[in-house]
Amino acid sequence: MWIYLNDRFVQDHEAVLSVFDHGFLYGDGVFETMRSYGPRFFMRDRHLARLFQSADAIGLRVPIPLAQWADILQEALVRNELGTDQRDAYVRITVSRGVGDIGLDPALCSSPTVVVMAKRLVPPASHFYDQGVAVLVASTKRNLPSALPPSIKTTNFLNNILAKHEAIAGNAFDSLLLNWQGHLTEGTISNLFFIQKSRLRTPALDCGLLDGITRQIVIQMAQELRLPIEEGHFTVDQLYQADECFLTNTSMEIMPVVAIDNKRVGNGTPGPLTRKLHARFIESRGRLSEPPALR
C-alpha cells in the first residue's frame, strides 16, 4: 500500500510516525474519511472543506493548500490501483498536531503531520440492505457539545469507541448515543433517521451530533420528494414508535434498521420510504461525485 506522509508517497512499511507525535500522545488532530465510486470521489470538496473547518476549530494549520488536495487524492487511487469500476476506494486523511515534546501546549509542535491512506472499499454485505440491521441504545452518553463540539472530527474517538464496545457485546450492528438530556443524537459513525406517519425525523444538530454529509444529502432528497421532515429533540420512546428507521454515512449510504433494543421497527423489514430514499441516493451518485482531477 502506498501512503502519503507529509510531503510524499511511501510504502506502508516506511510510513512511520514518531512516538512524540501529539496525535498519538493526546489525540490532538482531526481526520476525514471519504469514498469513491470508481474514480469519482463522493462529495470530495465538501469533505475537504470540513477537514479544514475541523482544523481551524482546534487552531491547527493544514500545511497543504486546499487546491493541491485533488491531485494528492487522485494519485493515492492510481498508486494503489483503486478507483476503477471494480475497485471503489476508501480514503482517510489524518492531520495531527505533529511531533513535539511531552506537554499539552500546541506550540510544542512545529509542524503538523499529514497522512493519507487509501484502500479498497468493502461495503456492507447486501443482505444488510435487504433484511435490515439491529441496533441498541448505548449506556455511554454523547460528549457535551460545550466540552467537545461534535462539528469537529477529532482523532480522539474514545466516546464512540466505548459505545461501539456496547454494540459488539450486544451483537448489534451499531449503538445509538443519547445526549446529556436523554435525547437521541447519532450512531458511533452514522447519523440517525426515523419515519413516523410518513414524516421523516432526525435529531437536531444542537442535540450534539455531527452534521454528516450524507445526512445533508438525505434531507435534501426528502425535500425534493416533498417528504415532510423534522429536525428535533427526540426520545428513545419516540424512536420505539417509528414505522421505519435508518442510519447514514458516506461508506454505507442508507442502512435500514429493523430492530432497536430487541424491539421490532414497523413490520421488521426495511420500509418503503427507506427503500425509496436509498434508490434516490443511488440515482444521485453521479451528480454528487466530483470528476477525477486532471493530471
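Counting pairs of alpha carbon atoms under 8 Å apart in space and at least six apart in sequence, what relative contact order in percent does segment 1-44 give? Don't skip to the end; give the middle numbers.
Values: 23 pairs, mean separation 7.9, N = 44.
In percent, rounded to a whole number, it is 18.
What is the angle, in °, between the Cα long axis of helix 158-169 and the longest principal axis of the Cα atoms in the chain? Nearest 10 is fine, range 0 to 90.
For helix 158-169, the angle is close to 50 degrees.
List the relative contact order of segment 126-284 as a percent without decimals, with contacts defined as Cα pairs under 8 Å and 6+ residues apart.
Values: 305 pairs, mean separation 40.9, N = 159.
Relative contact order of segment 126-284: 26 percent.
Kindly provide log₁₀ I(q)/I(0) values, in the same order as q = 0.15, 0.17 Å⁻¹, from the Debye equation applied to equal alpha-carbon scatterers of segment 2-120.
Those come out to -0.66, -0.83, one per q.
Anyone know which of Ala163, Ala67, Ala55 comes out most mobile in the 10 Å Cα GNM of the chain?
Evaluated over the chain, the most mobile residue of the options is Ala67.
I need the phi-derived Karplus couplings for segment 273-283: 6.51 cos²θ - 1.76 cosθ + 1.60, θ = phi - 60°, integer Hz, Gly and Pro marked x.
6, 4, 5, 5, 5, 5, 4, 5, 4, 4, 5
Starting from the 7 Å offset along Cα-to-Cβ, what nm value, one decimal, do you get for the label separation of Lys197 and Ser151?
For the pair Lys197/Ser151, the computed spacing is 3.3 nm.
Only helical DSSP H runs with n ≥ 4 go in: add -39500 (n - 2.57) per run for the chain, normalise by residue count and round the 222 nm mean residue ellipticity to 500 deg cm²/dmol. Provide the component values of the computation, followed by the final result.
Working: 8 runs with 78 residues, N = 295.
So the helix-based figure for the chain works out to -7500 deg cm²/dmol.
Work out the count of Lys pairs in the chain where the Cα-Cα distance is under 25 Å, with the pair 8 or more places apart or on different chains.
Total qualifying Lys-Lys pairs in the chain comes to 10.
Dipole magnitude of segment 126-284 about its Cα centre, charges +1 at Lys/Arg Cβ and -1 at Asp/Glu Cβ only, in debye to the nearest 20? Write down the numbers at each step before the final one.
On the way: 14 positive and 15 negative charges, 17 e Å.
For segment 126-284, the charge dipole is close to 80 debye.
Report the relative contact order of segment 1-103, percent, no decimals, based on alpha-carbon pairs under 8 angstrom and at least 6 residues apart.
Numbers: 123 pairs, mean separation 43.2, N = 103.
Across segment 1-103, relative contact order equals 42 percent.
I'd like the Karplus ³J(HN,Hα) series for segment 135-152: coefficients 6.51, -1.76, 1.60, θ = phi - 60°, whole numbers in Hz, and an x wherever there's a Gly or Pro.
Per residue, the Karplus-derived 3J(HN,Hα) values read 10, 9, 8, 6, 6, 5, 9, 5, 4, 4, x, 6, 8, 8, x, x, 6, 8 Hz.
By how many degrees, between 0 and 90 and to the nearest 10, does the Cα long axis of helix 44-57 differ from the longest principal axis of the chain?
70 degrees
Using unit Cβ charges (K, R positive; D, E negative) and no other charged atoms, how large, in debye to the nearest 20, is the dipole of the chain about its Cα centre?
On the way: 30 positive and 31 negative charges, 137 e Å.
That gives a dipole near 660 debye.
Values quoted throughout were computed directly from the atomic coordinates according to the rules given, and no laboratory measurement underlies them. Note that the structure is a prediction, hence the values are computed from the model and not measured. Glycine also receives a Cβ, built like all others from the backbone with ideal geometry; neighbour counts cover every protein chain displayed.
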